Each structure stands twice: as C-alpha cells, then as structure tokens.
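To start, the structure itself, in structure tokens.
The values are calculated or read from the model by the stated rules, or taken from the named source; none is laboratory data. What you are looking at is a predicted structure, and each value in this text was computed from that prediction instead of being measured. Counting neighbours? That spans all protein chains shown, and the Cβs are built from the backbone with ideal geometry, glycine included.
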Amino acid sequence: MKKIILALAATTFGTAAFAVDFATVDANQDGAVSAEELTAAMPEVDTNAFLAADTDQSGTLSEEEMANAIDNGLLPAG
Ligand SMILES: [Ca+2]
C-alpha cells in the first residue's frame with residue numbers, strides 16, 4: 001500500500017511519471033484526444049470520466065487535461 005501511495009505522490013510532481021503516451025492515444029495526431037480516441041486506447045474509461053477530464057469542455061482532452069485527469073484518478077495511468 002505504501003508503494004502505491006508513493007507512486008501516486010510521484011505523479012503529482014510533473015508529467016515525468018506520465019505512464020500513458022499522449023501521442024499514442026491521440027491516434028490522428030491533431031494534438032487533442034477525442035472521446036473516441038480515449039475509449040479506443042482505454043476501453044475501460046466511461047464517458048463520464050472523459051467529460052470530467054475535459055475541464056474546458058472543448059469536447060477533447062489536451063495533454064495537460066489528460067495528465068491532470070490521471071493525477072486526479074479520473075483516468076487510469078496506463
Ligand atoms: Ca486527436
């Protein structure tokens with residue numbers, strides 16, 4: 001359990017521990033991850049998690065939004 005907490009703490013100090021490769025999830029390489037791209041890469045993610053992660057409600061996730069969502073536990077880290 002301690003190891004898990006330490007791993008979570010490490011992810012809050014930047015994107016170095018960012019386990020999900022944004023460029024891989026961004027299948028069409030347009031710099032934004034759509035709900036379709038996200039669920040293709042992470043089938044276990046539901047739409048509500050996507051909507052919660054899309055903090056500016058643009059309909060897509062920026063790399064920052066995705067990193068924050070992973071830090072917040074909205075999205076799996078990989
Ligand atoms: Ca995209």
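In contact with a helix residue (DSSP H, G or I) (Cβ under 8 Å, 6 or more places away or on another chain) and at pLDDT below 95: does that describe Thr24? Here the answer is yes, as Thr24 does meet what is asked. Check the range 53-61 and report whether any residue there is free of Cβ contacts under 8 Å to residues at least 60 places away in the same chain and assigned to a helix (DSSP H, G or I). Yes, some residue in the range 53-61 is free of Cβ contacts under 8 Å to residues at least 60 places away in the same chain and assigned to a helix (DSSP H, G or I).
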